[in-house]
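Written below as structure tokens is the structure these notes are about.
The values are calculated or read from the model by the stated rules, or taken from the named source; none is laboratory data. Values in this document were obtained by computation on a predicted structure and should not be read as measured data. With ideal geometry, Cβ positions are generated from the backbone for all residues, glycine too; neighbour counts draw on all protein chains shown. With ligands, DNA and RNA removed, areas are computed over all heavy atoms of the protein, side chains included. Shrake-Rupley method; radii C 1.70, N 1.55, O 1.52, S 1.80 Å.
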Amino acid sequence: MVEKYSIRTEDLDLHYDAFKALSNVNIQIPEKTITAFIGPSGCGKTTLLKCFNRMNDLIANCRITGKIYVRDIDIHSDIDVNALRRDVGMVFQKPNVFPMSVRDNVTFGPITHGVKKKSDLDKIVYESLHNAGLWNEVKDRLNKSALGLSGGQQQRLCIARALAVSPDILLMDEPTSALDPISSGKIEDLCDELKSRYTIVIVTHNMQQAIRISDYTAFFLLGEMLEFGETEEVFSNPKNKKCENYITGRFG
Amino acid sequence: MHIQKKHTKEKFFKALFGATAILTILEVASIIVFMLYGAVPALQKIGFLNFIFGSEWNSSNYDTYTGPMEGLYGIMPMIVGSLFATAGAVLVGGTIGFFSAVFLAEFCPKKLKKVLSHSINLLSGIPSVVYGFFGMKVLLPLLGVFSENGDGAGILSVSLVLGIMITPTVTALSKTSIEAVDRSFFEGAVALGARKERAVFKVIIPAGKSGIFASLILGIGRAIGETMAVVMVAGNNPIFPSGIFASFRTLTTNIVLEMSYGGELQTGALIASGAVLTFFILATNICFGLIRNSGSRFKGKKSSLATLATSYTSTDFTEATKAEGLLDLQTTDGELQNSQTFNNNFLVTSKKTDKASLIGKHMGTVSTIIACVSLFSIIIFILVNGLPYITSELLFGEFSYAGTPSIASSIVSTLMVIVLGSVVAFPLGIAAAIFLAEYANKNGKMCKIIRLMSETLGGIPSIVYGLFGLLFFCNILKMGTSILAGGLTLSLMIVSTTIRGTEEALLMVNDSLREASYALGAGKFRTIRKVVIPNALPGIFATIILGISRMVSESAPVLFTMGASIKPMPTGFKSSGATLAVALYALGREWMHINESYATACVLIILVLILNIASAMIASKFTKRLTCTT
Ligand SMILES: Nc1ncnc2c1ncn2[C@@H]1O[C@H](COP(=O)(O)OP(=O)(O)OP(=O)(O)O)[C@@H](O)[C@H]1O
Ligand SMILES: [Mg+2]
């Protein structure tokens, strides 16, 4: 069987003004898997992640060369970037719920993309919150402000919010780094469940987390991808010396 | 997946917001064009040098641009008057304001500090006619005792009134810049063994001096542009001021005194003096901008110093600060050379009293007391004298030219002006701010030009808006003296503050919320409408309320465009009438209805205080909520 790739890059370079933040990245992320990005702080993990849904468009001094394909479509060709971002969801490091009700947080995306009927929206609210493992905790307070939720709940609400627009791909930038271990665990379990339906790319500083949840792992250093492969292989038998040093905790 | 389509809606909204922003450029341009259009023919006739350096002003209503010229149009006495009045105001208000700021920022007990800071902020919104009125009714008779001719009007009374008027502004801004100084400076100095007051005066204040200067310059701008408070206490003879009790005019009061009955050439000359005034104010504003920029450069230096202060040993810090020319540690220095062991030395130093700094500290306490006593006594005096006379007859009574005055028509006129001004100014200002904060490239030329224009608009004195409104709305657009013309003039005046306030509110919205919205595929306009604006709403409300409060307080712009006397109840936007502030001016200048004047001043103060308190409360809730979000 030919493997299908959700995301593919070809000779991707990225500059912030004169500073080269990514150089010559060639990565192929298979469909319906979890891929972890690891590497020391400042190596360009977030930068690469934001390339995939063109969030870097918002940064004025950012220049990209090379190709990025999402499901074989060149995302720098003449496409609707808002539709791209609907199909490639994103969860950020710090939970950034909108200061609205829980329900409005979830329906923000679907309404943006034209869902109008209340029954449809209700269904989306239920399914997204359910899939994010949050339904039971918030079903009685859907119309209360989302700011009243705990940090872990807020982050799962952010995931629910991302799921509500039914993306194919979910980008997560250190989604658990601001959370306590129990909340982190819940999110890891959630990722595992979501894997059957979504392609997930997750940035993490936590090696154990990468080993626990990911199928593939990519190691970055100074803007270059030095290693990419199946997670077990990368952690048990890294080909790159620097990658080995990082994993075993000798620098970073 | 269907990601192949494009939106044109986004472009439309960008263009729409951009267009409103460009209106600010248009506004500045038309004010400048109008100034030149009005001033140049008059200057040609009078002669530029005769106009600026002429020492006599004796205008004649019959002079035209063509015929022979009977009057004399030299504004030097007024320029000198303006400079003296401003210098006096800064001497009084700057000194009191600066030392009060030092006290509040550094020496004031915490609880007291909160109360005092809030009340001083509130008092900066008190309409200037109220200050003028108080000066006229209380200060002039008081000063008259010391004056040879028995009349208290003159430079001294103007300086006192303007000085007290600008004190809250100077205090609030200086306090902010003192508090913004890096605390490690203070710690560094105290670690060297300096006493607290020495650390404050020798280290903290020099480090915050750019901000303190800026606050003084802002005070200068307010004093030089002030009209109504001055006209009530200056005596108003168009001659060089010859002593502290000599009657004189400033550039602003000259305009307000003669404009309403000016002949052709006279009007032109008054517009030209408006141009001179604007030039002075823009020059001070440019200074303000330069100082602010040098302040930010200074900050860079500051942070490197701060690292020095924390990472070096105390000796090195002394050297470093000395090298930066910040510290004047002569005493320490002298003793350093006498002995080898530092610790003993600093103990010696700390026991020595630094007289200048100690005096400074006491000045702070005294100034704060003076500021509070004078500000509160103005308010309390007016409330005590006015509250008993706020009767239903005054507020709702039928208008009559002869009997006891009723301000019912003024209340209605004020409301109508507020509605009209709001409808025009707020949508425009908010849309322009959205463009600046959300769409424009922050470092782009366009954005810089618009911001410069908006700041220029903020600097133009209110009397010049009045001139512009009179000639443009009343005369050229044939609106006559009407509520319509007054409302439009006020709306032009508050556009710039609306832009600034809204922009600040928008920029306070956390970027992560914008990111989250974009990441869900929401477009720019939807993100702004659904995420950014709802979050900035309280800040925008606070801005709107402040704008309304300004429309209530200002009198110079509406004096020309709406009429200077209390009229019967307006029947529509075409009617003329006095706003409350103008009504106070009109009533206050006659001795006949003294009680009603006090009562009107009360109504005005209460209204403005309510608006300012509301604005402050909304703004502080807003800040709290935003800090919760992150
Ligand atoms: N907007 C920007 N302008 C200029 N340089 C930037 C910008 N954003 C990131 N960088 C630089 O690009 C490099 C990569 O940043 P990035 O945020 O992608 O790192 P990261 O691997 O996600 O690090 P972390 O683990 O700390 O999140 C860093 O050196 C960073 O300083
Ligand atoms: Mg990162």
* What chymotrypsin sites (Phe, Trp or Tyr not before Pro) does the stretch A:143-252 have in DSSP loop regions with at most 14 other beta carbons within 10 Å? -> A:Phe251
* Asked: List the aspartates and glutamates whose alpha-carbon lies under 16 Å from that of A:Lys20, not counting same-chain residues fewer than 8 positions away?
  -> A:Asp11, A:Glu224
* Structure fact -> If one compares the long axis through the Cα atoms of helix A:151-163 with the longest principal axis of the Cα atoms of chain A, the angle in degrees, nearest 10, works out at 90
* Please grab the % of Cα pairs in the stretch B:94-169 that end up more than 21 Å from each other. => 40
* Of the trypsin sites (Lys or Arg not before Pro) in the stretch B:421-479, those whose Cβ has at most 16 other Cβ within 10 Å and which sit in DSSP loop -> B:Lys442, B:Lys478
* Structure fact -> Mean accessible area per residue over the protein assembly as shown (1.4 angstrom probe, all protein chains present, square angstrom) is 43
* Structure fact -> Cross-link reach from B:Lys137 to lysines, straight Cα distance under 21 Å and at least 8 residues apart if same chain, gives none
* Asked: log10 I(q)/I(0), Debye, Cα-only the protein assembly as shown, no solvent, q = 0.07, 0.08, 0.10 Å⁻¹?
  -> -0.73, -0.90, -1.16
* For chain A, what does -39500 (n - 2.57) per DSSP helix run (n ≥ 4), summed and divided by total residues, give at 222 nm, in deg cm²/dmol to the nearest 500? -> -10000 deg cm²/dmol
* **For the stretch B:525-565, residues shielded by at least 10 square angstrom of accessible area compared with the chain on its own, probe 1.4 Å** => B:Arg526, B:Lys530, B:Val531, B:Asn535
* Could you list, bin by bin from short to long, the percent of Cα-Cα pairs of chain B in 10 Å steps? -> 3, 14, 23, 25, 18, 11, 5, 1, 0, 0
* Within the accessible area of the stretch B:62-121 (1.4 Å probe), percent carbon and sulfur -> 72
* Just subtract the alpha-carbon distance of B:Cys287 and B:Ala87 from 0.36 nm times their residue separation and send over the number in nm, one decimal. => 70.4 nm
* Each residue of the stretch B:22-34 in turn: what ³J(HN,Hα) in whole Hz from Karplus with 6.51, -1.76, 1.60 and θ = phi - 60°, glycine and Pro shown as x? -> 5, 4, 5, 4, 4, 5, 4, 4, 6, 5, 5, 4, 4
* **Mean Cβ count within 10 Å, highest first, over the residues of peptides B:597-606, B:568-577** => B:597-606, B:568-577
* If the cut-off is a Cα-Cα distance under 26 Å, which lysines reach B:Lys355, setting aside same-chain residues fewer than 8 apart in sequence? -> B:Lys110, B:Lys113, B:Lys175, B:Lys196, B:Lys202, B:Lys209, B:Lys322
* Using only helices, what value at 222 nm comes out for chain B when you add -39,500 (n - 2.57) per DSSP H run of length 4 or more and divide by the total residues, to the nearest 500 deg cm²/dmol? -> -22500 deg cm²/dmol
* Heavy-atom accessible area of A:Asp192 with all protein chains present, probe 1.4 Å, nearest 10 Å²? -> 90
* Output the relative contact order of the stretch A:5-247, whole-number percent, from Cα pairs under 8 angstrom with separation of 6+ residues. => 28
* Buried area at the B-A interface (accessible, heavy atoms, 1.4 Å probe, summed, Å²) -> 2600
* Asked: In the stretch B:134-228, how does Rg compare with the Kirkwood Rh, expressed as the Rg/Rh ratio over alpha carbon atoms?
  -> 1.20
* Structure fact -> Using a 1.4 Å probe on heavy atoms of the protein chains only, the accessible area for B:Leu471 in Å², nearest 10, reads 30
* **Equivalent ellipsoid dimensions for chain A as semi-axes, Å, which come from the Cα gyration tensor, largest first** => 30, 21, 16
* Which residues of the stretch A:51-79 show a drop of at least 40 Å² in accessible area when all protein chains are present, compared with their chain alone (probe radius 1.4 Å, heavy atoms only, ligands and nucleic acids excluded)? -> A:Leu58, A:Ile73, A:Asp78, A:Ile79
* Structure fact -> Of B:Glu148, B:Glu438, ordered by accessible area with the largest first and a 1.4 Å probe, the sequence is B:Glu148, B:Glu438
* Going by average Cβ neighbours within 10 Å, how do the peptides B:222-229, B:278-285, B:403-410 rank, with the highest at the top? -> B:222-229, B:403-410, B:278-285
* Structure fact -> The pairs in A:Lys45/A:Lys67; B:Lys11/B:Lys448; B:Lys14/B:Lys574; A:Lys123/B:Lys14; A:Lys50/A:Lys186; A:Lys123/B:Lys524 lying past 29 Å Cα-Cα in this model are B:Lys14/B:Lys574; A:Lys123/B:Lys14
